[in-house]
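Working notes, beginning with the structure itself.
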Amino acid sequence: MMKFQFDATQQYQIDAVAAIADVFKGQQHKSVQYSVMIGGEDVGMLPGFDSFGGHVGNVLGITESELRSNVREIQARNQIADAEVNAELANWVINDPVNGLPRACPHFTVEMETGTGKTYVYLRTIMELAKKYGYRKFVVVVPSVAVREGTLKSIEQTKEHLLTLYNEPVNSFVYDSKKVNRLREFASSDAVEIMVINIQAFVKGYEQSPENDSDDSRNVIYRLSDKLAGKRPIDFVHAARPIVIIDEPQSVDSTDKAKEAIMQLNPLCTLRYSATHKDRYNLMYVLDPIRALQLKLVKQIVLGEVTGADEGNDSLVRVEAVDSKKNIRAKLAINVKQQGGVKEKEVWVENGDNLYVESNKLPVYEHGFDITEISTNPDNPYIRLSNGRQVRLGQQIGGVRDSIWEQQIDKTVWHHFEKVLQCKNANLKVLSLFFIDKVAHYRVDPADRSKLGKFGQVFEESFKKWAADERYKDLPLAKLSPELVHEGYFSSDRNGFKDTKGETAADEDTYNLIMRDKERLLSAEVPLQFIFSHSALREGWDNPNVFQICTLNETNSVVKKRQEIGRGLRIPVDFDGKRVFDDSLNKLTVVVNESYEEFCLKLQTEYKDDAGVIFGKVTVQGISHVLRTAEGGDPLLTKDAAADLAQKVKDALLEAGVIDRFDLIQQTADPDALFARVKLPDGLEEIRPAIQDLCTGVQISSHVKRARNLVSNKLKTDVLKSPEFKALWEKISPRTTYMLTFNTDVFIEQIIYRLKE
């Protein structure tokens with residue numbers, strides 16, 4: 001059975017762990033052993049509670065002033081921009097439910113790009129806090145079933161690895177309203193305890209009186225329980241005063257009610273982890289998308305476009321939205337005549353508008369395309385045209401929609417075969433992921449695998465075509481039956497598959513293989529390679545060996561580009577569970593029904609809105625990093641000295657026209673010639689290539705490549721026979737043996753010292 005293998009030496013993860021662990025610097029390691037108080041009573045003295053043994057959870061052992069000083073020091077170390085640093089700590093003031101006294105609950109934020117090991121980092125942070133300070137009680141709050149399953153899988157996968165690093169066993173469990181007695185052990189145990197809980201499990205009923213236990217709408221965690229000697233399950237969480245880790249907080253505590261519910265957990269503090277924070281309370285560490293790609297921590301994005309641009313002369317009408325806030329209107333997608341040809345465009349229309357005019361007088365709209373009615377009724381939203389056609393919200397008439405999604409499926413299958421051929425000696429499995437908006441489009445009858453919807457039918461036809469292709473027919477994949485290589489992951493009941501959102505208990509069955517059995521899915525024995533999913537476009541749903549993603553939505557997807565591509569950004573693993581760092585293989589092909597320019601524009605907008613990342617912007621912090629780390633740079637430069645020198649470099653870039661006054665890279669036909677005009681400060685000429693690489697690397701074109709622009713390098717055998725190559729080979733082919741001499745006694749003494757430390 002394959003086992004995922006983890007590397008404990010990755011510096012960016014070590015830095016992210018230290019960014020939180022050092023927040024509590026100055027606090028002594030304590031093994032606290034005084035009685036747990038619940039509702040003003042000593043639980044250890046009550047009948048039925050003898051098993052507590054007097055152990056309690058977490059205590060803050062430093063002052064707020066010391067905490068604030070630590071935070072500022074860490075932010076300076078991690079080059080957190082001044083705009084992210086608050087004069088005071090970001091706190092929520094809560095009334096401690098154990099003693100009734102008001103106190104501050106500080107928040108600390110870590111921002112890491114999708115696919116870089118966020119869950120690993122916070123699990124390792126838990127162990128670091130336990131080792132350094134004796135913290136024992138942790139609650140991980142997640143927004144959905146998918147994230148919960150991903151967290152549980154990560155805990156299972158890293159348990160042995162973390163035990164090796166910290167020599168500390170961990171008890172972990174999912175909060176289950178039918179097994180509330182587990183919270184007794186959570187509160188009383190002196191082991192490291194991790195409880196994983198969905199926000200939905202405790203967001204209702206916290207505001208009600210504990211005596212009023214008749215309202216069934218209250219979550220079980222707030223109800224008095226005979227299993228707990230008349231106490232509420234939440235009381236045991238209160239007693240532990242856990243450190244609360246919020247996984248994807250933008251989806252967890254986006255409402256006031258959710259924030260208040262989290263405070264009911266009585267947290268010592270909250271640690272917030274995401275790639276797309278809405279609120280960046282006390283930002284401690286950032287690994288943004290640009291840096292993640294520069295460090296080769298994620299796959300390169302390659303875009304496969306299917307736009308139907310050559311077939312756009314049909315009378316497309318698709319209803320995207322209806323609105324009645326001010327005027328009754330509808331947003332339509334239609335074909336519009338533009339300077340570069342006919343292209344699909346969204347327009348807002350009202351009653352009486354004419355699509356012939358809106359399309360810049362495209363002839364196909366000349367007759368019968370006046371808007372005669374717009375219905376904004378939530379139960380029946382539609383528009384009516386003067387030709388009598390009614391088009392409901394999400395529906396389409398005309399256009400090349402079917403042609404486009406058929407091309408998308410075919411292109412994805414072709415890319416998959418190409419990747420399998422490329423990886424035939426790489427000892428790894430290739431997966432492709434299709435996202436759809438209606439389950440019935442993939443499979444009509446859950447009880448009959450042969451009753452495929454239109455997506456399933458086209459997929460199998462495409463698979464047969466490429467399996468018979470001369471280039472791929474000898475691959476093991478080509479010898480498999482089409483029905484064995486694809487499967488859908490959807491929730492189902494007696495009535496069939498359901499179009500769910502991935503948040504409820506009904507989705508439990510959806511994630512078994514993809515989330516719980518990742519190792520089996522990635523084994524050569526399992527033929528499944530193509531996955532169709534409906535509700536998986538959410539945080540936490542991913543697999544490292546996804547190399548192709550295809551979005552087959554009949555309407556414009558409300559899911560963000562970042563969520564789509566995030567499902568396949570992770571570095572792949574081979575059959576031994578080791579990560580494969582091969583730039584030629586590590587490319588994620590995203591097959592979309594829009595142009596490269598449209599995709600990049602939307603992606604850039606989302607990065608800016610979600611993470612404050614502006615592609616094409618050169619910062620002093622980025623230049624400072626190059627000055628201190630590039631070959632030929634000066635690692636001894638102080639932070640302030642590096643910042644001063646970086647500002648001079650940025651001024652030189654501005655003077656040469658490489659960047660504008662907003663620090664944005666200027667587009668030019670010959671960037672090398674433009675950069676050659678830059679007059680760098682004295683002593684920096686050696687790192688000119690590194691500074692130019694920085695400027696190139698921050699642009700969206702370095703992160704998203706066009707599939708059609710990528711070409712394979714072919715071996716030129718005549719070059720191998722040339723005298724020049726033979727001369728080069730004679731110089732570089734000899735092997736060199738290095739020997740190291742050291743003092744054994746000193747070496748042993750250092751080992752003993754480090755082990756003690």
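Details
- Enclosing the Cα atoms of segment 625-757 in their convex hull gives a volume equal to 282 cubic angstrom per residue.
- Whole-number accessible area per residue in Å² for segment 173-297, which is evaluated in the context of all protein chains at 1.4 Å: 36
- Average Cα contact separation per residue, segment 333-372, under 8 Å, 6 or more apart, as relative contact order %: 37
- Think of the chain as a dipole: +1 on every Lys or Arg Cβ, -1 on every Asp or Glu Cβ, centred on the Cα centre; then among Ser584, Ile199, Phe455, Ser584 lies furthest on the positive end.
- Nearest-0.05 FRET efficiency for Gln5 and Ser403, computed from C-beta distance (R0 45 Å): 0.50
- Nearby lysines by direct alpha-carbon distance to Lys756 (threshold 17 angstrom, same-chain neighbours under 8 apart not counted): Lys131, Lys132
- Taking every DSSP beta bridge that has both ends in the chain, the antiparallel portion is near 40%.
- Anchor Lys473: lysines whose Cα lies under 17 Å away (excluding residues fewer than 8 positions away in-chain): Lys419, Lys424, Lys464, Lys465
- Scaled against the 2.2 N^0.38 Å expected of a compact globular protein of N residues, the Cα radius of gyration of segment 573-682 reads 1.40.
- Gain upon complete extension [Gln647, Ser722; 0.36 nm per residue less C-alpha separation]: 22.2 nm
- Share of alpha-carbon pairs per 5 Å distance bin for segment 109-155, given as whole %: 5, 18, 26, 29, 16, 7, 1
- A 1.4 Å probe run over the protein chains yields, for segment 633-747, 77 Å² of accessible area per residue, whole-number rounding.
- Where segment 383-429 is the region considered: accessible area per residue in Å², 1.4 Å probe: 44
- One decimal place: the segment Asp682-Lys756 gains 21.9 nm when fully extended, by the rule 0.36 nm per residue minus the C-alpha distance.
- Gyration tensor analysis over the Cα atoms of the chain returns equivalent ellipsoid semi-axes of 45, 38, 29 Å (largest first, whole Å).
- Sparsely packed loop sites in segment 422-480 (the trypsin sites (Lys or Arg not before Pro) outside DSSP H, G, I, E and B with at most 14 other Cβ atoms within 10 Å) comprise Lys424, Arg449, Lys451, Arg471, Lys473.
- Positive-end extreme of charge dipole, segment 332-448 - chosen from Ile397, Asn427, Tyr442 (charges on Cβ): Asn427
- Over segment 695-757, the hull volume per residue, using the convex hull of the C-alpha atoms, is 281 Å³.
- For segment 344-467, the Kirkwood radius over C-alpha pairs fed into Stokes-Einstein at 37 °C and 0.692 mPa s yields D = 181 µm² per second.
- Largest-first principal axis extents, alpha carbons of segment 223-365, Å: 77, 45, 28
- Averaging the Cα positions of each part gives two centres, and for segment 409-456 and segment 566-615 these lie 19 Å apart.
- The apolar share of the surface of the chain, taken as the fraction of accessible area on carbon and sulfur atoms (1.4 Å probe, ligands and nucleic acids excluded), comes to 49 percent.
- Surface calculation, 1.4 Å probe, protein heavy atoms: Cys695 sits at approximately 10 Å² accessible.
- Rounded FRET efficiency, nearest 0.05, which uses the C-beta distance separating Leu601 from Asn387 and R0 of 35 Å: 0.55
- Length released on extending from Leu740 to Arg72, taking residue separation times 0.36 nm less the Cα-Cα span: 236.3 nm
- Reciprocal of mean inverse Cα separation for segment 300-387 (Kirkwood radius, Å): 14.0
- Over segment 577-661, relative contact order from alpha-carbon pairs under 8 Å, at least 6 apart, %: 19
- The relative contact order of the chain, computed from alpha carbon pairs under 8 Å that lie at least 6 residues apart in sequence, is 13 percent.
- Nearest-0.05 FRET efficiency for Asp693 and Arg471, computed from C-beta distance (R0 45 Å): 0.80
- Checking every one of the trypsin sites (Lys or Arg not before Pro) in segment 217-315 against DSSP loop status and a limit of 13 other Cβ atoms within 10 Å picks out Lys278, Lys296.
- A dipole drawn for segment 584-647 from +1 and -1 charges on Cβ atoms has a positive end, and of Leu636, Gln647, Val626 the residue lying farthest that way is Leu636.
- Set of lysines with alpha-carbon distance to Lys361 below 18 Å, sequence-local pairs under 8 removed: Lys337, Lys343, Lys345
- When the listed pairs Lys278/Lys648; Lys602/Lys650; Lys3/Lys118; Lys299/Lys726 are checked against a 31 Å cut-off, the alpha-carbon distance exceeds it for Lys278/Lys648; Lys299/Lys726.
- Charges were assigned to the Cβ only: +1 to each Lys and Arg, -1 to each Asp and Glu. The resulting dipole of the chain about its Cα centre is roughly 940 debye.
The values are calculated or read from the model by the stated rules, or taken from the named source; none is laboratory data. None of these values were measured; they are calculated from a predicted model. Here Cβ is always computed from backbone atoms with ideal geometry, including for glycine, and neighbour counts include all displayed protein chains. The protein model used for the area step is the full one, side chains on, heavy atoms only, and it has no ligands, DNA or RNA in it. Shrake-Rupley method; radii C 1.70, N 1.55, O 1.52, S 1.80 Å.
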